[in-house]
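The values are calculated or read from the model by the stated rules, or taken from the named source; none is laboratory data. In this text, all values refer to a predicted model and were calculated from it rather than measured experimentally. Note: ideal-geometry Cβ built from the backbone for every residue, glycine included; neighbour counts use all protein chains shown. Each accessible area value is taken on the protein alone, full model and side chains, heavy atoms only, with ligands, DNA and RNA left out. Shrake-Rupley method; radii C 1.70, N 1.55, O 1.52, S 1.80 Å.
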Amino acid sequence: MDDTGHKSGHLMLITPERVFYAGLLGRPRQRCSGGFNIYVAIEGGLWLTTADGRESYGEMFTVLPNVRHTIASDHRSVLSVVIEPESVRPGTLEDLANRLAGPEGEAFTSRIRAAYRELREHHAGDEFSSAEFDFLCLGEALPHRVFDPRVARAIVQIGKFSGEPVTAASCAAEAGLSPSRFLHLFKEETGISFRSFRAWKRARHLLHFANQDINLAHLAQDIGYPDSTHFSHSIRRFYGLKPRAIFSGSRDLAIYRHRHASAG
């Protein structure tokens, strides 16, 4: 746990299946997150620009996973809730996006702002299950997804980030399948290719270190990137920012890391 963000109010709570972020937005550039994003203005409003150039203004927006967009704020900071798509039943995030865009949107916006105040004042060091996180931010627990055990084991392996990089071949061998059959099963179960899933999880893992004074080349290698160029391009694609910009904008960010995986 880091307390550097208490004075600024900037904080990030990271669990295996959720992220709550309150901090600087950075210069608006197109991003393509692998998670489901709910953006809420701390004050004023937000500008959402979609890949086709349509622009909208409001206090809260949702963006489905793997959708290119640009988000900008009237002020420098933003609240963001990120939900990992593989953690909830298919269709859940689309239904939630429709609800947040409808008459319930104002209530959800107020609840997420209240969750920020709660995290800032009391609970930012606690261990949250996904259900507890959802109740805090959304007022309800999202239905949890159950995978084929072979895919579930692969997802756990990808999320460990220890030792050798996890490959489709190694996961296939552990599952007792050919690589091609495993890759088909993985996409069938998760809705996304193994390579794309792993790329997002690598970029997400970077968040754990965002407020540290750390050698980025070494971090890239530790996370599993083949080289610094690949690392920089991947991070910029997901977040709209280069790694160095993320770290420079996170110096006063308090990061609260969930130490144990949650089953929901």
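Over all other residues within a Cβ to Cβ distance under 10 Å of Ala72, the charged ones net out to 0, with Lys and Arg as +1 and Asp and Glu as -1.
Within the accessible area of the chain, the carbon and sulfur atoms contribute 50%, probe 1.4 Å, all protein chains present. Against the criterion of solvent-accessible heavy-atom surface with a 1.4 angstrom probe, Ile42, Ile83 sort, most first, into Ile42, Ile83. Calculated mean residue ellipticity, 222 nm, the chain: -11500 deg cm²/dmol, from DSSP H runs (n ≥ 4) at -39500 (n - 2.57) each, averaged per residue and rounded to 500. In the chain the longest region clear of trypsin sites (Lys or Arg not before Pro) that are loop-assigned by DSSP and have at most 16 other C-beta atoms within 10 Å covers 161-250. Across the alpha-carbon atoms of the chain, the computed radius of gyration and Dmax are 17.9, 54 angstrom.
If one takes the longest principal axis of the Cα atoms in the chain, at what angle in degrees, from 0 to 90 and to the nearest 10, does the Cα axis of helix 194-205 lie? Tilt relative to the chain: about 50 degrees. What the chain shows is 49 Å² of accessible area per residue, with the surface traced by a 1.4 Å probe over protein heavy atoms.
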